[in-house]
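The values are calculated or read from the model by the stated rules, or taken from the named source; none is laboratory data. Being a predicted model, the structure only gives us computed values, none of them experimental. Note: ideal-geometry Cβ built from the backbone for every residue, glycine included; neighbour counts use all protein chains shown. For accessibility, only protein heavy atoms count, side chains too; no ligands or nucleic acids. Shrake-Rupley method; radii C 1.70, N 1.55, O 1.52, S 1.80 Å.
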Amino acid sequence: MSIRVLVVDDQHVVRAGFTAIIDGEADLEVVGQAGDGADALRAVRETDPDVVLMDIRMPGMDGLAATRELTAGRTAARILVLTTFHRDEYVFGALRAGASGFLLKDCDPQELVDAIRTVAAGEALLAPAVTRRLIDAFVTGSVSPSARADDRLEPLTQRERDVLVQVARGLSNPEVGTALGISTATVKTHVNAILGKLDLRDRVQATIFAYDVGLVRPGDGRATP
């Protein structure tokens, strides 16, 4: 079955360009378009997409507000945000709102379709440049931890905290297993437990959470004492 995609952007030419790229893939299908966040909410209800390709900066209801509404409504659709990255706070806000992935608007067509497939499969995705800016923001203090690790990490076992640190460093499940001396299957079990206990959607939100509470130090990925 094709992956159903909703394209949301306030510029018609941008929507048309993305639609042409996506519809050119045998396993992808654009099921609708929307010009702002409010239209996106209606279109999601009408078309039931698997992935919403969401612009952030739009008139009226912007992509950040729409992402928050969609994830709060427990939609099954995954939100893949495209940004020109002029404003960092949009990125952090959308990630915290529940976006499953981020790409820069100047990505090439193959990166775009690969990203759609990745988030549709339930994985999280961050463009390398977005990850670097995210970590840099914590380093420079432009994004401050919202709580200390002691408070919000209480539900996790020590092993789950160890796994979360490695996930926040960007390691895959096999790499986490190698680092901690456990099997990939065990890592997956721990990751699922972490997401469930902390009410997080995916590894992107888990990474944000780890930095947000101070479990990981920016730049070196070491756990705090």
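Surface analysis of region 1-69 yields an accessible area of 47 Å² per residue, using protein heavy atoms and a 1.4 Å probe.
Remark: region 162-220 is approximated by an ellipsoid whose semi-axes, taken from the C-alpha gyration tensor as √(5λ), come to 17, 14, 8 Å, largest first. For region 12-86, trypsin sites (Lys or Arg not before Pro) meeting the loop criterion (DSSP other than H, G, I, E, B) and having at most 12 other Cβ atoms within 10 Å: Arg74. Backbone phi angles across region 171-187, fed through the Karplus curve with coefficients 6.51, -1.76 and 1.60 (θ = phi - 60°), yield HN-Hα couplings of 7, 6, 4, x, 5, 4, x, 4, 5, 9, x, 10, 6, 4, 4, 5, 4 Hz in residue order; Gly and Pro are listed as x.
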